[in-house]
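Shown next, in structure tokens, is the structure this report addresses.
The values are calculated or read from the model by the stated rules, or taken from the named source; none is laboratory data. What you are looking at is a predicted structure, and each value in this text was computed from that prediction instead of being measured. Using ideal geometry, Cβ is built from the backbone for each residue, glycine included, and neighbour counts are taken over all protein chains shown.
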Ligand SMILES: *Cc1c(COP(=O)(O)O)cnc(C)c1O
């Protein structure tokens, strides 16, 4: 089976992990700090807070921005469940903003229009979580301008986008956001098996998220309500979780990070080959916006005739091509429908979903395997 995405673990990665297993630290220790510094330096954010998944990072990002009951959080319907669930973990209300039909990211014009309406009704969002779908950055400058005008905070769900660029900076540098979140799940750009990281420029947000990933505990005397009782002393000053990453995972991440640039290059070469060889077929290829360089986590095509999508999907699967579909619009999930959302609420995301197929896209995809994908697709669409 040729999967739609897969990790690349080298002998060097394995050696790094094995070495940690014999060291003093297995759980969060010096390697986690090194991994945080390395990712922060790579994308220019200042601070990185490593956690056990991007889902956890999104949760503590919302908490650090004081999202709670009575607050509204908006995100894209074209995303994985976690981008919306994180607001619900905090007791906030979630809503969605439809996508742009070209980029499949949250549409800034839709966002502006929805903000105008919300302003007159008095329920503006506290936080907007934008999602860099397939690895392509959202129009962050426009979104930042709206955040200033309407007074909300911005989280970037950059789970697909470590290694990507927006204008002249790297995704994750938080120039136009409060916090950006990466995922290190094996299908993403680099992996720690499970893992994620929240990036920020704000040292206080970083400190708060570090506390929230470890039970809300502090050893900082300044934050305590009484003098320390001794070197063992700590205080819990708010409710946090155990969201820690292990040193075993962190060394894998450090080792993988060294290859990220090459990985993204390779993904672009694969995309270029798809673009050349799929010309003229009744499919729509992913648009690459001029303001961004995508990390190309996914290569989602749209079958022009929605009624044909299932046949093409099944045909690809039948010849050993593990295509997938990203994403089922979150608002159409039963859990979200029970909250009052319905099919038809975000039609652009739904129309996109009805036609979408994610083709294999990963740095070790062999040319012969890509040829097989292309020729199978040509046969199925003839
Ligand atoms: C994968 C993914 C997540 C969750 O990542 P985990 O590390 O598996 O928790 C969140 N948002 C998006 C857009 C994702 O693709």
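Details
- Test: residue in region 367-379 that is within 19 Å of residue 309 (Cβ to Cβ) and part of a loop (DSSP other than H, G, I, E, B): no
- Criterion violated by residue 246 - all others in (1) under 30 Å from residue 37 (Cβ atoms); (2) more than 16 Å from the ligand (Cβ to nearest atom); (3) out of contact with any strand residue (DSSP E or B) (no Cβ under 6 Å at 6 or more places or on another chain) satisfied: (2)
- If you go through region 35-88 and keep only what is out of contact with any helix residue (DSSP H, G or I) (no Cβ under 6 Å at 6 or more places or on another chain) and under 18 Å from residue 245 (Cα atoms), you end up with 36, 37, 39, 40, 52, 53, 54, 56, 57, 61.
- Test result for residue 327, within 16 Å of the ligand (Cβ to nearest atom), surrounded by 21 or more Cβ atoms within 10 Å (Cβ to Cβ) and over 26 Å from residue 89 (Cβ atoms): no
- Residues that are touching a strand residue (DSSP E or B) at 6+ places or on another chain (Cβ under 9 Å), within 16 Å of the ligand (Cβ to nearest atom) and assigned to a helix (DSSP H, G or I) within region 44-70 comprise 54, 55, 56, 57, 58, 59, 60, 61, 62, listed in sequence order.
- Boolean, residue 196 is buried (at least 21 other Cβ atoms within 10 Å of the Cβ), closer than 18 Å to residue 35 by Cβ and touching a residue at least 60 places away in the same chain (Cβ under 8 Å): yes
- Of the helices (runs of 4 or more DSSP H) lying entirely inside region 287-366, those containing at least 2 residues that are under 20 Å from residue 161 (Cβ atoms) and modelled with pLDDT of 95 or more span 347-355.
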